[in-house]
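The values are calculated or read from the model by the stated rules, or taken from the named source; none is laboratory data. In this text, all values refer to a predicted model and were calculated from it rather than measured experimentally. Virtual Cβ from ideal backbone geometry, glycine too; neighbours counted across all protein chains shown.
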Amino acid sequence: MSDLFEYQEDKIWLKEYPIKYAGTRFNARTTVVRMNNGNLKLY
């Protein structure tokens, strides 16, 4: 997970990226969470 910012060690990672919507530019964020059972959730 090299391009991700590790928010909480081995548990939560963040990825921010620029997007353009309706002529406006802003940053979006994807969050990856490792659950207790090892599964990953993407938000």
Selection count, the stretch 1-21, where residues are in contact with a strand residue (DSSP E or B) (Cβ under 6 Å, 6 or more places away or on another chain) and among the basic types (Lys, Arg): 2
Residue list for the stretch 1-27, filter: of a type in the set (A, V, I, L, M, F, W, C), at pLDDT 95 or above and in contact with a Phe, Trp or Tyr (Cβ under 6 Å, 6 or more places away or on another chain): Leu14
Count of residues meeting criterion [outside any strand (DSSP E or B) and in contact (Cβ under 8 Å) with a residue 12 or more places away in the chain] in the stretch 1-21: 5
Residue list for the stretch 22-43, restricted to those being part of a strand (DSSP E or B), among the hydroxyl-bearing types (Ser, Thr, Tyr) and touching a strand residue (DSSP E or B) at 6+ places or on another chain (Cβ under 9 Å): Thr30, Thr31
Test for Leu40: is it in contact (Cβ under 8 Å) with a residue 12 or more places away in the chain and under 12 Å from the mean Cα position of the chain (by Cα): no
